[in-house]
Structures are given as structure tokens and as C-alpha cells.
Amino acid sequence: MSMKRVKDLLHTWQAESEQSSIRHPMTINLSREHIAKLNALQEMFPGVTLEALLQDLLSASLTEIEASMPYVPGNNVISEDELGDPVFEDIGPFPMYHQLTKKHLGNLDS
């Protein structure tokens, strides 16, 4: 499923038919409140499996976390923008997150 924002999920769930594509099953512990909320969503959107709800919610949350990671300009100029102004390397959390994501994707593919 493509990356979605949290606010887009309700529309998606209304339009989607049942779909599940778990590639790497994981076990998680949820609070009673979270289980109740997930069950409520599944009852509201019966064509969407619990697994699909969890995948969509996780995907949307990760997308929002990535978008909220601040750009922190470093000292090194890595390029110039369309106006010829310098673009500085990002020394914020996103480059490390991106690098670690690639590392773990490689581990999953091995």
C-alpha cells in the first residue's frame, strides 16, 4: 500500500476492499484502549481487515514522523538551489534515519 497521511485513511478505508499483504509478521502488545479503538474502526469499515488497518495506521504515522524531522543545516555546502544559493548538508535526524532504514531494508532482504 502506498504511503498515506493519517487524515487520508478514513477516505481510503471507505473506498478499499479487503486487502492484506503482510511480508514480515510481527507481534505487538496493545493496550485495551487501543484494541477497543481498532475494533471500533474495523466495525466502521468492515471491508478492511485488522491487519490492513494496522498497516495503514503505521504507514501514515511513519510518514508524519519523517515529515516532522527538522532540517538542520550543517557547515558543508552540498549543492546550489535554482537561484544559485548554497544548499547545506542536513545534520538533523533525517539523514541518520534514512541511512538506518536502508541498512535494515538490506537486512530484511538478506
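Quick note: the coordinates plus some simple rules give every number you see, no bench work behind them. Everything numeric here is computed off the predicted structure, so don't read it as measured data. Positions of Cβ are generated from backbone atoms using ideal geometry, with glycine treated the same way; all protein chains shown enter the neighbour counts.
Data table
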item	result
Hits in segment 63-76 (condition: free of Cβ contacts under 8 Å to residues at least 24 places away in the same chain and either touching a Phe, Trp or Tyr at 6+ places or on another chain (Cβ under 6 Å) or under 30 Å from Leu41 (Cβ atoms) (or both))	Ile65, Ala67, Ser68, Pro73, Gly74
Qualifying positions in segment 78-110 - surrounded by 11 or more Cβ atoms within 10 Å (Cβ to Cβ) and in contact (Cβ under 8 Å) with a residue 12 or more places away in the chain	Phe88, Glu89, Asp90, Ile91, Gly92, Pro93, Phe94, Tyr97
